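Below you'll find the structure, written out as structure tokens, and then a few comments.
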2 protein chains.
Amino acid sequence: MNETKERILDTAERLIGEQGYAATSLRQIIANAGVNLAAVHYHFGSKEELLDEVVMRKGAVMNTARLASLDRAEALAGDKPVEVSAVLDAFFAPMAEVAGANPEFVRLMGRIYSEGLMPAIVQKHFHPTIERFVSAFRRALPNLPQDEILWRIHFMVGAMAHTMLSAPSLPHPAKGETDVQQRMKRLLPFLIGGFRAPASSSEED
Amino acid sequence: MNETKERILDTAERLIGEQGYAATSLRQIIANAGVNLAAVHYHFGSKEELLDEVVMRKGAVMNTARLASLDRAEALAGDKPVEVSAVLDAFFAPMAEVAGANPEFVRLMGRIYSEGLMPAIVQKHFHPTIERFVSAFRRALPNLPQDEILWRIHFMVGAMAHTMLSAPSLPHPAKGETDVQQRMKRLLPFLIGGFRAPASSSEED
DNA sequence: GTCTATACTGAGATAGAC
DNA sequence: GTCTATCTCAGTATAGAC
């Protein structure tokens with residue numbers, strides 16, 4: 001790849017992850033990357049399309065890992081449906097793995113979510129992945145109406161996005177509490193409980 | 001209140017709710033409100049402080065209702081802790097009520113959340129409310145570590161914010177599916193299940 | 001105390017020279 | 001493929017009219 005283009009991508013990833021998309025100007029990016037302003041528009045067309053490429057550069061890898069993980073879980077389950085917890089694990093484990101090698105990238109994704117820019121990117125690039133996971137959730141939760149499953153995935157995405165970006169202010173933050181991997185581990189039981197809940201608010205327990 | 005000020009607040013609420021904060025310029029607001037640009041800075045100081053007043057004008061009422069609802073639930077429970085479902089209801093019912101009379105305001109809040117602007121406003125105005133609800137959750141879930149409770153509230157806020165703003169794309173949207181009140185009703189069982197889940201991912205069911 | 005007119009700085013985008 | 005110059009529009013600040 002062109003070196004100018006790559007320097008822009010690297011710098012944009014770092015700065016947008018630190019400050020957010022809106023708060024990071026193209027002028028700041030080009031100053032840090034040591035390139036000209038017009039080079040951004042030449043290589044990417046617009047600030048928004050630059051963001052798109054920043055996200056997809058590593059996002060595509062993560063997504064492939066998600067699908068592979070779901071493949072493995074389905075092969076392991078044979079004819080039976082994959083457990084909810086395993087579906088969630090297939091979705092979150094690759095993200096945790098990326099977070100290990102590249103924590104600032106997951107943080108960047110959290111920022112993009114919280115700035116409301118993710119839906120457009122997801123719509124554009126992640127549609128097949130979503131279809132696969134929706135099917136898996138449906139098989140795992142045969143008693144839930146199909147609409148209800150889509151809503152719960154919606155709730156999950158909200159909790160995930162919020163959690164990727166920020167943490168509650170804890171009185172005594174535990175070691176590694178700021179770590180994205182740890183956060184995802186904490187999120188999982190909550191989501192499993194949420195998905196397994198009955199559809200109406202009838203009696204349970 | 002000054003009429004100019006009120007016209008600015010009304011117009012800002014409507015436009016920011018429709019388009020988001022970043023996408024709505026002061027110049028667009030003043031053009032629709034029929035006032036001068038400098039009047040905004042005279043009455044509010046900055047675009048950010050204008051947003052603060054827009055949110056708090058109705059947000060304060062909603063918050064008072066939340067505390068009153070929690071008061072009633074605690075009085076009803078006597079010595080026993082209030083059920084998780086009742087704590088969640090005290091938190092969400094006032095929002096659903098506001099949504100009934102003023103659906104665009106809840107949508108505005110969703111936008112503010114998703115643009116990452118809510119934490120600053122919450123920090124500034126809603127701190128006592130948060131304290132009260134954290135205590136109620138602690139009493140309702142005595143077996144969960146205190147940190148875990150704060151994390152789950154964090155997850156709840158994420159799911160809520162995301163749901164206030166958007167809905168999943170459903171194949172056959174039910175009647176009223178776009179209604180914020182309906183969404184909150186759907187969210188509740190998911191959250192109850194999430195809060196009641198065991199802290200670690202040990203065996204359950 | 002309220003508001004109008006206007007100017008300042010910095011943003012994203014683009015045309016055209018090289 | 002790169003860069004200079006320039007355009008439009010944003011938020012902000014202020015001087016001064018009423």
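The mean number of Cβ atoms from other chains found within 10 Å of a Cβ in peptide B:183-189 is 5, as a whole number.
Each peptide in B:32-43, A:146-157, A:4-15 was scored by the mean count of other Cβ atoms within 10 Å over its residues; highest first, the order is A:146-157, A:4-15, B:32-43.
The angle between the Cα long axis of helix A:127-140 and the main principal axis of chain A comes to about 20°, on a 0 to 90 degree scale.
When only Cα pairs below 8 angstrom with a gap of at least 6 residues are kept, the stretch A:138-200 shows a relative contact order of 46 percent.
Rounded to two decimals, the Cα-based Rg/Rh of the stretch A:136-205, with Kirkwood Rh, is 1.06. Across all C-alpha atoms in the stretch A:1-51, the radius of gyration and Dmax reach 9.6, 27 Å. Counting partner chain Cβ atoms within 10 Å of every residue's Cβ in B:111-122, what's the average? Average per residue, whole number: 3. Peptide A:166-172 has a mean of 5 when you count, residue by residue, the C-beta atoms of other protein chains within 10 Å of its C-beta. Using just the helices of chain B, give the 222 nm mean residue ellipticity in deg cm²/dmol: DSSP H runs with n ≥ 4 each add -39,500 (n - 2.57), and the total is spread over all residues, rounded to 500. After summing the helix terms and dividing by the residues of chain B, the value is -24500 deg cm²/dmol. Here is the tail figure for the protein assembly as shown: Cα pairs spaced more than 37 Å apart come to 26 percent of all pairs. According to the square roots a ≥ b ≥ c of the eigenvalues of the Cα gyration tensor, what is the shape class of the stretch B:1-100, taking rounded for a/c under 1.5, prolate for a/b larger than b/c otherwise, and oblate for the remainder? Because a/c hits 1.5 or more and a/b exceeds b/c, the stretch B:1-100 counts as prolate. The Cβ shell under 13 Å around residue A:45 holds other residues with a net charge of -2, Lys and Arg each +1, Asp and Glu each -1.
With the cut-off at 27 Å, tell me which of the pairs B:80/B:185; A:5/A:124; A:47/A:185; A:5/A:58; A:5/A:185 have Cα atoms farther apart than that. Checking Cα-Cα distances, A:47/A:185; A:5/A:185 exceed 27 Å. One chain, two ends: residue A:175 and residue A:32. Fully extended at 0.36 nm per residue, the span grows by 48.2 nm beyond their Cα-Cα distance.
log₁₀ I(q)/I(0) of chain A at q = 0.14, 0.16 Å⁻¹, via Debye over equal Cα point scatterers, no solvent, to two decimals? Each listed q maps to, in turn, -0.89, -1.09. Computed over every Cα-Cα pair of the stretch A:82-160 and binned at 10 Å starting from 0, the pair-distance distribution P(r) comes out as 16, 47, 32, 5 percent.
Between the Cα long axis of helix A:180-196 and the first principal axis of chain A there is an angle of about 40°, rounded to the nearest 10.
How tilted is helix B:103-114 with respect to the longest principal axis of chain B? Cα atoms for both, answer in degrees (0 to 90, nearest 10). Result, in degrees: 80.
Other residues lying with their Cβ under 13 Å from the Cβ of residue A:116 contribute a combined charge of 0, Lys and Arg counting +1, Asp and Glu -1.
Since every read-out is calculated from the coordinates, none of them should be taken as a lab result. For clarity, every value in this text was computed on a predicted model and none was experimentally measured. Counting neighbours? That spans all protein chains shown, and the Cβs are built from the backbone with ideal geometry, glycine included.
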